[in-house]
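Reviewing the structure listed below.
The values are calculated or read from the model by the stated rules, or taken from the named source; none is laboratory data. On a predicted model such as this, the values are computed, not experimentally measured, just so you know. Glycine also receives a Cβ, built like all others from the backbone with ideal geometry; neighbour counts cover every protein chain displayed.
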Amino acid sequence: MNVDGSLLGSSQSAGFGGLIRNSDGTFLCGFYDVATQPSILYAEIMAMLHGLELCWKKGFQRVSCFSESLQIVTLVKDGVLPYHKFANEVTSIRQLLDRDWVVAVDHTLREGNTCADMLAKKGTNSISP
């Protein structure tokens, strides 16, 4: 799974998106939506949260999650203090990771995340959150 967030500076419109492929690289599904806060950090977090929830609902047992945001990868792996602005969302991701499945969260380069980036940009243009 590759995820990304996007923030359009001129309109302060934020969105997120991602795609899920099988181990052979075959596209399984994609997603995008508008983020309810004009923050790139929030959009990146919501991309990972939504993508992991989707993988869980589809019954996947082994997931590799890639984000080009090293900050998000670090927040998810290390956790956040309770007063962090997005503590609830990061905690939700960490609770998902603790379920009965195997999930690896890793950083990827922007060049390896172009499809997720395109979906995140599409999310900035979504009508409803």
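What's the number of the only condition in (1) at pLDDT below 95; (2) surrounded by 18 or more Cβ atoms within 10 Å (Cβ to Cβ); (3) under 24 Å from LEU97 (Cα atoms); (4) not aromatic (Phe, Trp, Tyr) that LEU7 fails to meet? (3) is the only condition that LEU7 fails. Comparison of CYS55, CYS65 shows that the only residue that is in a helix (DSSP H, G or I), out of contact with any His (no Cβ under 9 Å at 6 or more places or on another chain) and hydrophobic (A, V, I, L, M, F, W, C) is CYS55. On the stretch given as segment 96-118, residues that are part of a loop (DSSP other than H, G, I, E, B) and free of Cβ contacts under 8 Å to residues at least 40 places away in the same chain total 2. Counting only residues that are under 13 Å from the mean Cα position of the chain (by Cα) and not charged (D, E, K, R), which one in segment 83-95 is surrounded by the most Cβ atoms within 10 Å (Cβ to Cβ)? Per the criteria, the residue is ILE93. Close Cβ contacts (under 9 Å, 6 or more residues apart or on different chains) running from residues in segment 1-18 that are over 10 Å from MET46 (Cα atoms) to residues that are among the basic types (Lys, Arg) comprise MET1/ARG21; ASN2/ARG21; SER6/LYS121; SER6/LYS122; LEU8/LYS121.
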